[in-house]
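One structure is given below, encoded as structure tokens.
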Amino acid sequence: MKFDIFCEIQKAFPWRGTDEASLFREILDQARAADTAGFTTWWQVEHHGSPEFSYSSAPEVVLTAIAMATKRLRVGHAGVLAPFKINSPLRVAERGATIDVLSGGRFDLGLAKSGGKEWETFGVDPDTARDEVREAMHVIPRVWTEKEFSWDTPTYKVPPREIVPKPLQQPHPPLWQTCGSPESFFMAGEMGVGALGTTLLSPVAFLGEMLREHERGLAACKAPAGRTVNAQKGCFTFIHLAETRAQAIANGAAWSALWYVNAAPVVFKVPRRVWYDMIKGGLHPNSARDTAAQAQLDPNETVIHDDDPPVLKVLKRMAQGETISFTEAHEVLEPLDCVVIGDPDHCADKIRGYEAIGADRMMCMMQYGSIPPDAVLKSIELAGRHLVPAFARAA
């Protein structure tokens, strides 16, 4: 199993830093630390209009800066918001090839469907978004590998052109898709591209079921989107290592994970109840982002029900404005097999659960919520010392 970093460029208010520039400096420090610690890839997301939650509105620029600041760390986009009104496939290919050249062949490309608020921002048609992701996944590797490229479909047209630069990696950089539903995991496999998934706060076993959908798609793959098939499976989760359990609590990692889950519905303009109900049912909220039923829901509903599991009760209390202590947050999240927060031995035990479902790589979200910058750096260092070599040997 390989260990990657997954980054939103995130900081819960109020900031301890002085300005946005300080946040970007922290990210570059973390990337250098990850490079030294032996992490494989730094994955950057793309979000727009998301104060606190994500300052990664120009991820290609950030990935280029990280590539310039590191020596061996790969740089991955997880993922480009692929609906055509947000990013043209040709421009995605050009930017990706440029990063690959500048990084010396260290670039990975993932595509994402996005949803909700970002679709509104750019005027995306929800009915065509998934098909546009699929079409972009076929367009991009052809741009990268054909001397003269052209494309002509009812939805996307490019006259014959010689597109430069070409990527260094041959035949092209690895292709991935961010996945949040059984359909998207199957779609990624059917196209022959890697799957990037997340548990959020759902059981690891549920993510295992999604990975099986990816394998089912791979078995059905007849015409891969790229020149090669990427069968890898990456798994995102909250990860924070400290020397002791007490220090992990003091760093506020569990509280920050709860903050993240409560902030996300606002960012993606999805009613809170959708996220809460899906977590309660062991599903992933992304699978319900674009359902018509959402329009009938109160976006801020936080009613606590008797049969809510402890994690939902504390999430709703936090959303209602109640102060949740770092200790209570930790005690609620600690029993969940998906959340990896604690001392190195405890975290290694949790990682074994991901290994058991067939994850090829852990996408470790290290910087989230209000975790202090020095604690993030320490977590990266500890993971490099205790997790990276241990699971490399196991492989």
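With R₀ set to 45 Å, the beta-carbon distance separating residue 150 from residue 323 gives a calculated FRET efficiency near 0.15.
Please compute the length gained on full extension between residue 247 and residue 36, using 0.36 nm multiplied by the number of residues separating them and subtracting their Cα-Cα distance. Before the final figure, lay out each step's value.
Details: separation 211, 0.36 × 211 = 75.96 nm, distance 2.31 nm.
Between residue 247 and residue 36, full extension yields 73.6 nm more.
Is the C-alpha gyration tensor of the range 102-211 telling us rounded, prolate or oblate? Criteria: a/c under 1.5 is rounded; beyond that, a/b larger than b/c is prolate, otherwise oblate. Oblate, since a/c reaches 1.5 and b/c is not below a/b. A simple count of charges around residue 112, restricted to other residues whose Cβ falls under 10 Å of its Cβ and scoring Lys, Arg +1 and Asp, Glu -1, yields -1. Shape class for the range 63-125: prolate, because the ratio a/c of the largest to smallest gyration tensor axis (alpha-carbon atoms, square roots of eigenvalues) is 1.5 or more and a/b beats b/c. The heavy atoms of residue 307 present about 110 square angstrom of accessible area, all protein chains included, probe 1.4 Å. Put +1 on the Cβ of each Lys and Arg and -1 on the Cβ of each Asp and Glu in the chain; which of 13, 210, 226 then has its Cα farthest toward the positive end of the dipole? It is 226, whose Cα lies furthest towards the positive end.
In the range 3-96, the ratio of gyration radius to Kirkwood radius, Rg to Rh, stands at 0.98 when only Cα atoms are counted. In a fully extended conformation the segment linking residue 48 and residue 120 would gain 24.8 nm over its present Cα-Cα distance, using 0.36 nm per residue. Within the shell defined by Cβ-Cβ distances under 15 Å, the residues around residue 143 carry a net charge of +1, with Lys and Arg each +1 and Asp and Glu each -1. Counting only protein chain heavy atoms and rolling a 1.4 Å probe, the accessible areas of 81, 336 rank, largest first, as 336, 81. In a simple Cβ point-charge model (Lys, Arg +1; Asp, Glu -1; nothing else charged), the chain has a dipole of about 960 debye relative to its Cα centre. Every Cα-Cα pair in the chain was counted, and those over 27 Å apart are 47% of them. Relative to the Cα centre, the charge distribution of the range 159-246, modelled as +1 at Lys and Arg Cβ and -1 at Asp and Glu Cβ, gives a dipole magnitude of about 240 debye. Between the residues 129, 170, 116, the greatest Cα displacement towards the positive end of the dipole of the range 100-190, with unit charges on the Cβ of Lys, Arg, Asp and Glu, is found for 170.
Taking the Cα centre of the range 295-353 as origin and assigning +1 to Lys and Arg Cβ atoms and -1 to Asp and Glu Cβ atoms, the resulting dipole is close to 160 debye.
With contacts taken as Cα pairs under 8 Å at a separation of at least 6 residues, the range 57-104 carries a relative contact order of 45 percent. Comparing mean-square fluctuations of 174, 344, 159 from a GNM of the chain with C-alpha springs under 10 Å, the top value falls on 159.
How high is the relative contact order of the chain, in percent, counting Cα pairs under 8 Å that sit 6 or more residues apart?
Reported relative contact order: 21 percent.
When 241, 218 are compared by accessible surface with a 1.4 Å probe, the order from highest to lowest is 218, 241.
In this simple spin-label approximation, residue 138 and residue 374 carry label points 7 Å from Cα along the Cα→Cβ vector, and these lie 5.5 nm apart. The candidates 147, 378, arranged from most to least accessible area with a 1.4 Å probe in the full protein assembly, appear as 147, 378.
The alpha-carbon of residue 166 sits under 29 angstrom from the alpha-carbons of these lysines, leaving out residues fewer than 8 places away in its chain: 2, 71, 85, 113, 147, 157, 222, 233. Within a straight-line Cα-Cα reach of under 20 Å, residue 280 can be paired with the following aspartates and glutamates, leaving aside sequence neighbours fewer than 8 residues apart in one chain: 209, 290, 298, 301, 306, 307, 308, 328, 331, 334, 337.
What does the charge count near residue 333 come to, summing +1 for each Lys or Arg and -1 for each Asp or Glu among other residues with Cβ under 13 Å from its Cβ? Summing Lys and Arg as +1 and Asp and Glu as -1 gives -1. By the helix-only formula, in which each DSSP H run with n ≥ 4 contributes -39500 (n - 2.57) and the sum is divided by residues, the chain has a 222 nm mean residue ellipticity of -14000 deg cm²/dmol.
Summary of the geometry: the range 341-395 and the range 181-223, compared by the centres of their Cα atoms, lie 22 Å apart.
The values are calculated or read from the model by the stated rules, or taken from the named source; none is laboratory data. Note that the structure is predicted; figures quoted are calculated from it, not measured. Note that each Cβ is placed from the backbone with ideal geometry, even for glycine, and that neighbours are counted across all protein chains shown. Please note that ligands, DNA and RNA were not included when accessible areas were found on the heavy atoms of the full protein model with its side chains. Shrake-Rupley method; radii C 1.70, N 1.55, O 1.52, S 1.80 Å.
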